[in-house]
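This report refers to the structure that appears directly beneath it.
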Amino acid sequence: MQLIRSIDELKNALSNLDKTIGYVPTMGALHDGHRSLIKKAKEQNEFCIVSDFVNPSQFLPNEDLENYPRNESEDIKTCESCGVDVLFMPSSDEMYPSNDVKIIAPTSLSTKLEGATRPGHFDGVLTVLNKFFNLISPNRVYFGKKDAQQLLIVQKMIKTTFKNIELIPCDIVRGADGLALSSRNSYLDEEEKLEALKLYRALLKANELIKNGEFSTKVIKEQMRAVLEPIKIDYVEITDRELNSVEKVTMENTLILIAAYIGKTRLIDNLWI
Ligand code: AMP
């Protein structure tokens, strides 16, 4: 595996490469969710690149940029053991020279849900991905359904600006207890981890209701909120795949999304129906 920190080195490594490239963008502190994306990228492509970069432009001033979990040496070992070909770990200065341009995400998708609480977050996500996609020119990119809104917004950018890239959505990986794996789970103590399971239970509740023929999103959301009690909820939403709120669940075109605070930690989880 090549561990690369500079853009020039990366360009060099890719200059005469005649192989299909699968690319997995991450912010590090790698876990089995990330591993599943890497595994798929390895299976479907001849060459696998992972970026490991805590992207400052997607954090709001009051968020956890400084404290975001980082574990460089473990991440290197993980990528080596997964058979990654290039691990790109640039510094912020490398990715953000002064007087830099910024990409603005489509407001119809980026100002609701995560974007309502985290204004500008998706502009930062697209800005850094735009750089990575241009540098790497991957054939396929791998995104987790865990970050549903991110996946849909990146899909829009790819459809309009990176027509040669295929986005591969990857299923949410959960712990044995059902908790969706997340780098931010490391903030939780044992008691909070148990509380966090309510997010998954609320999604299971929604799934059960739908299986029993309940399609009213008002009813489903009420029952989900009851399961989540007494957690501080940011949102419980049911939308179509364009992120518009819907009154009735439609099979194959519905997203059920939760954001909630466990102590100071903000967690998200969702279910694709
Ligand atoms: P992050 O490092 O949190 O920015 O995540 C990098 C990629 O891994 C994103 O596409 C995430 O959606 C994906 N990811 C994070 N957690 C999970 C998970 N539990 N299951 C599947 N994919 C995940």
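Annotations
- Residue in the range 152-163 that is touching a residue at least 24 places away in the same chain (Cβ under 8 Å) and in a loop (DSSP other than H, G, I, E, B) present: yes
- Here residue 68 meets each of (1) within 14 Å of the chain's Cα centre (by Cα); (2) within 10 Å of the ligand (Cβ to nearest atom); (3) under 28 Å from residue 102 (Cα atoms) with one exception, condition (1).
- Among (1) of a type outside the set (Phe, Trp, Tyr); (2) out of contact with any Ser or Thr (no Cβ under 9 Å at 6 or more places or on another chain); (3) touching a residue at least 12 places away in the same chain (Cβ under 8 Å) - the single one residue 208 does not satisfy: (3)
- Residues being in contact (Cβ under 8 Å) with a residue 12 or more places away in the chain, more than 22 Å from residue 265 (Cβ to Cβ) and not in a loop (DSSP other than H, G, I, E, B) - total across the range 211-225: 6
- Residue in the range 169-183 that is more than 12 Å from the ligand (Cβ to nearest atom) and touching a residue at least 24 places away in the same chain (Cβ under 8 Å) present: no
Residues checked against (1) modelled with pLDDT of 95 or more; (2) crowded, with 19+ Cβ neighbours inside 10 Å; (3) farther than 18 Å from residue 241 by Cα; (4) in contact with a Gly (Cβ under 8 Å, 6 or more places away or on another chain):
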{"site": "73", "(1), (2), (3), (4)": "yes, no, yes, no"}
{"site": "98", "(1), (2), (3), (4)": "no, no, yes, no"}
{"site": "122", "(1), (2), (3), (4)": "yes, yes, no, yes"}
{"site": "127", "(1), (2), (3), (4)": "yes, yes, yes, no"}
{"site": "150", "(1), (2), (3), (4)": "yes, yes, no, no"}
{"site": "158", "(1), (2), (3), (4)": "yes, no, no, no"}
{"site": "161", "(1), (2), (3), (4)": "yes, no, yes, no"}
{"site": "175", "(1), (2), (3), (4)": "yes, no, yes, no"}
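- Selection status of residue 158, within 16 Å of the ligand (Cβ to nearest atom) and either in contact with a strand residue (DSSP E or B) (Cβ under 8 Å, 6 or more places away or on another chain) or of a type outside the set (Val, Ile, Thr) (or both): yes
- Residues of the range 234-269 classified as over 16 Å from residue 185 (Cα atoms) and either more than 20 Å from the chain's Cα centre (by Cα) or among the polar types (S, T, N, Q) (or both), total: 12
- Complete set of residues in the range 100-119 that are of a type in the set (Gly, Ala, Ser) and buried (at least 18 other Cβ atoms within 10 Å of the Cβ): 105, 110, 115
- Any hit, the range 175-182, residues being in a helix (DSSP H, G or I), among the hydrophobic types (A, V, I, L, M, F, W, C) and touching a helix residue (DSSP H, G or I) at 6+ places or on another chain (Cβ under 8 Å): no
- When the test is whether a residue is within 16 Å of the ligand (Cβ to nearest atom) and farther than 19 Å from residue 47 by Cα, residue 148 passes it.
- The set of residues in the range 119-137 being touching an Asp or Glu at 6+ places or on another chain (Cβ under 9 Å), within 14 Å of the ligand (Cβ to nearest atom) and of a type outside the set (A, V, I, L, M, F, W, C) consists of 121 alone.
The values are calculated or read from the model by the stated rules, or taken from the named source; none is laboratory data. Keep in mind the model is a prediction, meaning the values are calculated, not measured. Positions of Cβ are generated from backbone atoms using ideal geometry, with glycine treated the same way; all protein chains shown enter the neighbour counts.
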